[in-house]
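Taking it in order: structure first as structure tokens, then the write-up.
The values are calculated or read from the model by the stated rules, or taken from the named source; none is laboratory data. Note that the structure is a prediction, hence the values are computed from the model and not measured. Cβ coordinates were reconstructed from backbone atoms using ideal geometry, including for glycine residues, and neighbour counts include every protein chain displayed. Just so you know, the surface numbers come from the protein's heavy atoms only, side chains and all, with ligands and any DNA or RNA stripped out. Shrake-Rupley method; radii C 1.70, N 1.55, O 1.52, S 1.80 Å.
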Amino acid sequence: MRCLALTLVWWSGCKSGGGPVDGNGAGDDDDDDDDDDDDDSSADGPIRYDRACSASGWCWESPQPAGGYPMSIWAIDADNVWMPTTNYNFHLGPRGLGWTRPAGELPLLGPIPVFGVATDDVWARSADGLAHWNGQEWSPSFPLSAVTTKLHGVSSDDLWAISESQLFHWDGAAWTEVAVSPDPEDTFTDLWAFGRRQVAIAGRGSRGVQAWIWDGSLDPLPAPPPGGITSPSVFASGPDDIWFAGSHGAAHYDGDIWSSANTEQLTDLWGNGPDDVWMLDFAGNAIHWDGNTLQKEPLPDGFSPTTATGAGTELWVTDYWTPTIAHRRVDGEWELLLERPYGSVGDAVVDGDGILWAATVTLGLAHQAEDDFVWDFDVGDRLGLANGVVVTFDDDRSFRRTTSGGWEELGDAAILYEACTASDGSVWAVGDRLARLEGDRWVPDGPAVDGRMYQVECGGDTVFAFDSADMLQRHGDRWSHDGLWTLAYRTPLSSFAPTPDSAYVVLDGAEPWAMQFDGTRWTQIDLPFEPLGVGGRASDVWIVGTGHAAHQEGGQWVEVAGAPAAALRWVTTEPSGRATVVDEQGGVWSWTPGPPEAWRQLVPPQATLTDVVMTSGGLFAVDDSGHALRLTGTAWTAIDSSADTDRVEGNERVGIYFQRGSRLSTWDGTGLTELTATLPGDVFAPTEGAELIALGDLGEIWVWDGADFVLEDDTVVLGASWLIGHSTTELWATTTIPAIHAMHRRGGTWELFRELSEPLTFTQTSTGETLWLDRDLALWRSEPGGFALVEDTWIGGRAIGAWFVQQDDIWATVDRTLRHYDGESWTDVPDPIGYGFASFAGSADGPTYALGIHSGVISLPR
């Protein structure tokens, strides 16, 4: 499965046991037969610590479901610390990390405020207001007119909330708005209740940083020191003891005046009284005020503090970058809690024992173990299977899981991404090469790949390797490029079609290659050099490159010795076996067969050429300045003075033509004659026949009748870019819209040829068919001659992951929405997590897992 890098989020894996289901569905009813949910944990109430399943069959596999990392935190006491994220309210207590679902999906805005006065009296923001936890369940949301940003209070019937410039109060029965700042530019940033119906408020507005006290009315305080704090946090033990902290330091109000107390860049503060105040700075310190002085305490290395909360002499601090919490114990020592890998699940496999292995984007790897996930670090973030054994890859090593559960380092794996096992037991991997596992080492096997391949699939004895720009297929011991879809991402440097059942193309790219069509399929030609051109005769085809040339002898490609050290590009051959080659600098060379074989320079380099036609009537070319050239004797000479020529086409039968945009000129033996007809597209001369063809902008085929271009075929081939062919009855064209990248025209009819657009996943049916699903959710059947479209099921959107359970039971993710195919149509499936999924994993006879973009892993109902 392709590795994905996504948003940094949290998937915690604390060891846990079971727990009863939340009374209002917070954990969902667990109707499956999972014994892990039936342990003795009723004392913990409805807070969940284990796998959770709904009545409809969806099961949350990660023991502590993720949905972001905490950016706000509140401790009621040392055993009750709440940390809401965007989809869940997490609880840290004696058993570790538990979770509850809030009453309604929380908005994707953070941080999410939380505050509690007792274990059964906790408040947090919900989708359209505030939700309340009574120790057993989350109540329906209490609507508010605006999004709450902070909460604080002193008792169950005296709570406060702010939003923008509004102040709200809870009296035990209802939330009401009690004040609005008269200045529309004011924004409240924090609040702290220090007495019954007494609250200090921090904010900013048109006059800079502002402070208010509510004591029956909203009264402004003197402004804090100018040029200091922005977006302040506040702590107050009374009207004469108020602290502000923000991005430019701290200030203290004594009931009369403000004084600057700190010049650090601060993120938050929390207090337990006038002589016990804690502040956090950007440098990774907790700063304590003991009533007389400020003292720094460094947090654990690499910690970036965001928010703080305390209970008694203990303190908890959240980290900005990771789902980690720093805890200051009673003894004054700091420790890290909930230190777990985070990030989206980028890859997953199910091993031969049915155990799910999942890797996050931060190199944390986990596998199922009873009701928990066991974590391994620094192992690898890309997964594969080798005969049921999990193999992981990183940038320079390969590992495999041993029977003892540890990891044994294998050999150099280059840069590999995924592995699979064919029915004959051979294990294949892809990355910057195709590789086969031989003993305990990966060895190169197969043609060179251009760039990097990210996915390999094994179906029976057939192996498919592909990425978004290429696909290779292995039958037996032979690898082939399955179709010409790579041409949509490349430019052909040269092409040659000597017979209806043979064609050759040289493609550019980071590593140019040559491909051959044998009447049935396209295969890559294995050459010891990078090709630049192809040409010759049907019985004597040559491929040339820089300092190299090869031709066919007895069905094999044999390199011709002694090729000149030049960028050989255009080639033609004669019945005698003599070859003529033109290099990119205008040099012309000849080769005569032997014995002895001999290379000879006929024309020295003179100009940089971009296009050449070689006929018995002479050599014609276009240089990089747009001049039309002809070889006269041993010199290239301009045919006319224009410098706007794009290309040259022709042969002995149709003559020589120069294209200049939509204008076409022909060589009449002495000079160029411009034709009066407008050229409807790029001009092309098939290898045989006496037709001159133009490929229209929409793929139409136009044929020159001597006076004008006549439309022969108006079939729309959207995105058509070039032609190759033997005659008008046998042509190839590429297209990029829709996602079919090559079309074959034979006998006047265009048809798809071996094209599976961006394959996602496949299955083998009970009848032996191999079915593929592509990113447009179209179903394809793999056949000896290529791929045949079974059913076009596209309903909009592009799939990023898919999984076959069977032919009439397919799951896919389209734009993070789950879709299901029942054999007749695709339907959207409500997302039980509320975040969307990136990909899937599973086994043929086991559960199917959906991998969440926020590290969630769920099993799908069967």
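For Asp828 and Asp171, what is the calculated FRET efficiency with R₀ set at 56 Å and r taken between the beta-carbons, to the nearest 0.05?
FRET efficiency, Asp828 to Asp171: 0.80.
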1/(1 + (r/R0)^6) with r = Cβ-Cβ of Tyr320 and Glu712, R0 = 56 Å, i.e. FRET efficiency to nearest 0.05, evaluates to 0.25
Principal axis lengths of region 227-270 from Cα atoms, whole Å, largest first? 24, 20, 14
Regression test value, accessible area per residue of region 542-696, probe 1.4 Å, units Å², expected 42
At 4 °C in a medium of viscosity 1.567 mPa s, region 510-645 has a Stokes-Einstein diffusion coefficient, with Rh taken as the Kirkwood radius over alpha carbon pairs, in µm² per second, of 83
At 7 Å along Cα-to-Cβ for each site, give me the label-to-label distance between Glu652 and Asp518 in nm. 3.0
Value of Rg to Rh for region 181-232 (Rh from inverse mean 1/r over Cα pairs, i.e. Kirkwood): 0.96
Leaving out ligands, DNA and RNA but keeping every protein chain, what accessible area does Ser181 have, in Å² rounded to the nearest 10, with a 1.4 Å probe? 10
Scattering profile of region 250-349 from the Debye formula, Cα beads only, expressed as log10 I(q)/I(0) at q = 0.10, 0.15 Å⁻¹, is -0.32, -0.62
Whose amide H sits under 5 Å from the amide H of Gly545, counting only residues 5 or more places off or on another chain, with H placed in the peptide plane? Leu532, Leu568
Gain on full stretching of the segment that runs from His475 to Asp290 - 0.36 nm per residue minus C-alpha separation: 59.0 nm
Net charge near Ile287: determine it from the other residues with C-beta under 13 Å of the C-beta of Ile287, scoring Lys and Arg +1 and Asp and Glu -1. -4
Note to self: with every protein chain in place and a 1.4 Å probe, region 249-302 gives an accessible area per residue in Å² of 48
Grab the other residues whose beta carbon is less than 10 angstrom from that of Glu824, score K and R as +1, D and E as -1, and report the net. -3
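Please compute the length gained on full extension between Asp394 and Ser260, using 0.36 nm multiplied by the number of residues separating them and subtracting their Cα-Cα distance.
43.1 nm
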Give me the percent of accessible area attributable to carbon and sulfur for region 528-606, probe 1.4 angstrom. 50
Placing each pseudo-label 7 Å from Cα in the direction of the beta carbon, Asp79 and Thr592 end up separated by a distance in nanometres of 10.2
With only alpha-carbon atoms counted, please give the Rg and Dmax of region 589-683, in Å. 14.8, 51
Label points 7 Å out from Cα along the Cβ direction at Thr670 and Trp334: separation in nm? 9.3
Scoring only Lys, Arg, Asp and Glu (+1, +1, -1, -1) among other residues with Cβ under 12 Å from the Cβ of Asp240 yields -3
